[in-house]
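I have placed the structure first, in the form of structure tokens, so that the comments after it can refer back to it.
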Amino acid sequence: MKSRRKGKKIPLTYYLMVVPIGILFFIFHTVPFLRGVFYSFTNWTGYGSWKFVGLKNYLYMFGNSNITNAYWFTFKFAIFATVLVNAIALAIAIGLNGKIKFKNFLKAIYFLPYMLGTLIVGFVFKFIFSTLVPNFGHLIHLPMLYNNILGTTHAWIGILIVTIWQGLAFNTLIYLAGLQSVDPQIYEAAALDGVGPWQKFRNITFPLIAPFFTINLVLSVKGYLMVFDQIMAMTNGGPGNSTTSISVEIYTQGFQGSQFAIQSANAVVLFIVVLVISMIQLSILNKREEKLS
């Protein structure tokens, strides 16, 4: 009998590449997270002494209107942004995947927003909404454009527009990669059978790119539940607290409102919410992928 072959020894190079990154991740990510969880059970204000208060911070959250309103706004914003970004990005990807002129130029144009910093984009659009749009409204005598939308009760719509514009780049790129992985011969066979465009998309295209849809949907929901930069750059949570997301509430009240422990508890709850929603999404979408395949 042949002797059983021993497993190959893993080269030291692999450990040198992985272990240092793992250590840095643990120091700068895991340790601060665990400290935040620890302080969420105390009354620490960010400085000075502290003592344990148990679940008091978590119970306080549910009775604080600012925090509950922040959760309501964040969920509303995440739902609208996720649906619109994915619907528009998929439509753009289908168009770019077709036989059109200037395809590479258009790809570069759609990908440009992704290369810009979120804060820079926010400040630029803040100027556009506050100055250029009202001036244009007066020029064409359109009263609905006279006021800066960021200073009204519809400020969240302005933030939503900017978020969608910038988010389209990444989502379109993922959908385009999925569409280009589909064998063209499948479409040729469908055309010979007289399959229409809508039937082709519903029965062929979407089932084949379902994994890419799952990736985009999970990442979109996770990202928009943690929306922060756009709001800080454009409204700083205003007017009033109408555009204060959970992340903005954690930052402003935790570092500026002496609620470090309370907002640490808020951050823990946000982490759990994002984790649970992501797991539910993956479970549902993976089952759907199995049915479509």
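The values are calculated or read from the model by the stated rules, or taken from the named source; none is laboratory data. This is a predicted model, so every value here is computed, not measured. As a convention, Cβ positions derive from the backbone with ideal geometry for all residues, glycine included, and neighbour counts pool all protein chains shown. What goes into the accessible areas is simple: the full protein's heavy atoms, side chains included, and nothing from ligands, DNA or RNA. Shrake-Rupley method; radii C 1.70, N 1.55, O 1.52, S 1.80 Å.
Condition test on Thr45, is it under 29 Å from Gly240 (Cα atoms) and open to solvent by less than 60 Å² (accessible area, probe 1.4 Å)? It would help to see each step written out before you state the result.
Values: under 29 Å from Gly240 (Cα atoms): yes; open to solvent by less than 60 Å² (accessible area, probe 1.4 Å): yes.
So Thr45 passes the test.
Ile94: farther than 23 Å from Thr243 by Cβ, touching a Leu at 6+ places or on another chain (Cβ under 8 Å) and open to solvent by 60 Å² or more (accessible area, probe 1.4 Å), yes or no?
So Ile94 passes the test.
Give just the number: which of (1) under 18 Å from Val274 (Cα atoms); (2) free of Cβ contacts under 8 Å to residues at least 24 places away in the same chain; (3) not polar (S, T, N, Q) does Gly240 not satisfy?
(1)
Residues that are touching a residue at least 40 places away in the same chain (Cβ under 8 Å): list the helices (runs of 4 or more DSSP H) wholly contained in the stretch 107-196 that include at least 3 such residues.
On the way: elements: 118-127, 133-139, 155-180, 184-192.
Output list reads 118-127, 155-180.
Suppose we keep only residues that are polar (S, T, N, Q) and part of a helix (DSSP H, G or I) within the stretch 1-37. Which one would you say is modelled with the highest pLDDT?
Taking the candidates together, the pick is Thr30.
For Ile204, indicate whether it is without any contact (Cβ under 8 Å) to a residue 60 or more places away in the chain, aliphatic (A, V, I, L, M), farther than 28 Å from Trp72 by Cβ and not in a loop (DSSP other than H, G, I, E, B). Spell out how you get there, then give the answer.
On the way: without any contact (Cβ under 8 Å) to a residue 60 or more places away in the chain: yes; aliphatic (A, V, I, L, M): yes; farther than 28 Å from Trp72 by Cβ: yes; not in a loop (DSSP other than H, G, I, E, B): yes.
Criteria met by Ile204.
For the stretch 99-118, which positions are open to solvent by less than 80 Å² (accessible area, probe 1.4 Å) and either more than 16 Å from Ile88 (Cβ to Cβ) or β-branched (Val, Ile, Thr) (or both)?
Restricting attention to the stretch 99-118, the residues satisfying the condition of being open to solvent by less than 80 Å² (accessible area, probe 1.4 Å) are 100, 103, 106-108, 111, 113, 116-118.
Result: Ile100, Lys103, Ala108, Leu116, Gly117, Thr118.
Could you tell me which numbered condition Arg202 fails, if it satisfies all but one of (1) open to solvent by 50 Å² or more (accessible area, probe 1.4 Å); (2) under 27 Å from Val121 (Cβ atoms)?
Of (1) open to solvent by 50 Å² or more (accessible area, probe 1.4 Å); (2) under 27 Å from Val121 (Cβ atoms), only one is false for Arg202: (2).
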